[in-house]
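Right, one structure below, let's go through it.
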Amino acid sequence: MQVDFITRQDLLEFRKEIISEITELLNAKVAPSKQWLKTAEVKKLLGISNNTLQNLRINGTLKPAKMGGILFYKHDDIQKALEKSLKAQ
């Protein structure tokens, strides 16, 4: 029976590799599956109510496009609004 020993140095190297891979995954830009989202999709994505989304429209934070009575929100605009909100904190 063969026994392999793991040294402290092995564990430190493994830790560095894992941190490196996680960092790469977090920094990778993931393209949205859809460029335009409907109201229900935006509410679900942000975890907000109808009234909150309406307030975001009224104060100009999100500017939807309306087609055939349906409001569509650009994914990039939502991302920018979130980043702006984060910087303001």
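Read-outs throughout are calculated quantities, based only on the coordinates presented, and are distinct from any laboratory measurement. These numbers were taken from a predicted model, which means no experiment stands behind them. FYI the Cβ positions are ideal-geometry reconstructions off the backbone, even for glycines, and counts take in every protein chain you see.
Volume of the convex hull of segment 36-88 (Cα atoms only), normalised per residue: 75 Å³.
Using the per-residue mean of other Cβ atoms lying within 10 Å as a proxy for protection, in what order, highest first, do the peptides 57-64, 13-20, 37-44 fall?
Top to bottom by mean Cβ count within 10 Å: 37-44, 57-64, 13-20.
Computed from point charges on the beta carbon alone (+1 for Lys and Arg, -1 for Asp and Glu), the dipole magnitude for segment 36-88 about its Cα centre is near 80 Debye. The lysines within cross-link reach of K80, meaning a Cα-to-Cα straight distance under 30 Å and a gap of 8 or more places when in the same chain, are K29, K34, K38, K43, K44, K63, K66.
Look at the dipole of the chain built from charges on Cβ: of T7, A28, P64, the Cα furthest out on the positive end belongs to P64. Amide H to amide H distances under 5 Å link L71 with T39, where only residues 5 or more positions off or on other chains count and H is placed in the peptide plane. Counting every other Cβ atom within 10 Å of each residue's Cβ, D10, D77, D4 order from fewest to most as D4, D10, D77. Based on every Cα atom in the chain, Rg and the maximum pairwise Cα distance Dmax equal 21.7, 72 Å. Remark: the chain carries a charge dipole of roughly 860 debye about the Cα centre, counting +1 on each Lys and Arg Cβ and -1 on each Asp and Glu Cβ.
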